[in-house]
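Report on one structure; see the data block that follows.
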Amino acid sequence: MTSGTPQTRGPWPVDEYLYFVDRAFAGMLSAVDRLGPERGNTAPPLPGANSPYAIVHHCVEVVDYWIGHLLAGRPTARDRDAEFHAIGDPRELRDRVAAQLRRVREDLAGVDLAAPPATAPPPEYRGPGRPLSGAGVLLHVLEELAQHHGQVEISRDLLGAS
């Protein structure tokens with residue numbers, strides 16, 4: 001592993017990055033759709049588990065906070081703990097994901113990904129244990145989405161999607 005100042009060469013492939021963000025959300029939404037509203041809002045029978053709906057809701061908030069707030073400097077009123085208790089209509093969630101993905105494209109326009117984020121996360125906030133560049137923030141978001149995509153798929157299997 002390396003440390004120090006991240007090095008960039010040439011423009012960051014934002015469109016390629018967003019392709020993988022889109023894929024993660026599409027996979028999570030597909031799992032929630034297969035479960036339907038009742039099972040999609042049900043946590044699997046494991047200690048500390050969250051419903052697939054709540055996990056996807058959390059992912060929307062992760063993207064909004066880390067990209068929208070930290071990189072683009074938009075204000076936030078995030079309540080991270082409440083994200084894991086969210087319940088709702090999967091169709092509304094799909095609309096929120098689509099709106100968030102449109103907003104991310106706007107948020108990333110003109111952001112210097114080699115520079116530190118516009119807003120620093122508070123020290124008590126969960127996330128990487130080191131300072132990040134804008135590109136590092138994007139990689140952290142992708143890390144979270146990949147982790148939660150797998151979590152949603154396992155939850156779908158445990159909840160018996162047809």
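General observations
- Rounded, prolate or oblate (a/c below 1.5 giving rounded, otherwise prolate when a/b exceeds b/c) for the range 102-162 by Cα gyration tensor: prolate
- Here the chain exposes an accessible surface that is 55 percent carbon and sulfur, computed with a 1.4 Å probe and the other protein chains kept in place.
- Other residues within the sphere of radius under 15 Å centred on the Cβ of residue 27, judged by their own Cβ, net out at -1 (K and R +1, D and E -1).
- Over the chain, dividing the summed -39,500 (n - 2.57) contributions of all DSSP H runs of at least 4 residues by the number of residues returns a 222 nm mean residue ellipticity of -18000 deg cm²/dmol.
- Candidates 60, 14, 97: whichever shows maximal mean-square fluctuation once the chain is modelled as a Gaussian network with Cα springs under 10 Å: 14
- Look at the dipole of the range 46-162 built from charges on Cβ: of 154, 115, 82, the Cα furthest out on the positive end belongs to 115.
- The alpha-carbon atoms of the range 10-162 define a convex hull whose volume equals 108 cubic angstrom per residue.
- Share of pairwise Cα-Cα distances greater than 16 Å in the range 60-114 is 47 percent (whole percent).
- Sites counted here are trypsin sites (Lys or Arg not before Pro) in a DSSP loop (not H, G, I, E or B) having no more than 10 other Cβ atoms within 10 Å; the longest part of the chain that contains none of them is 10-125.
- Rounded accessible area per residue of the range 1-141, 1.4 Å, Å²: 56
The values are calculated or read from the model by the stated rules, or taken from the named source; none is laboratory data. Values in this document were obtained by computation on a predicted structure and should not be read as measured data. Using ideal geometry, Cβ is built from the backbone for each residue, glycine included, and neighbour counts are taken over all protein chains shown. In case anyone asks, the SASA skips ligands and DNA or RNA and just uses the protein heavy atoms, side chains included. Shrake-Rupley method; radii C 1.70, N 1.55, O 1.52, S 1.80 Å.
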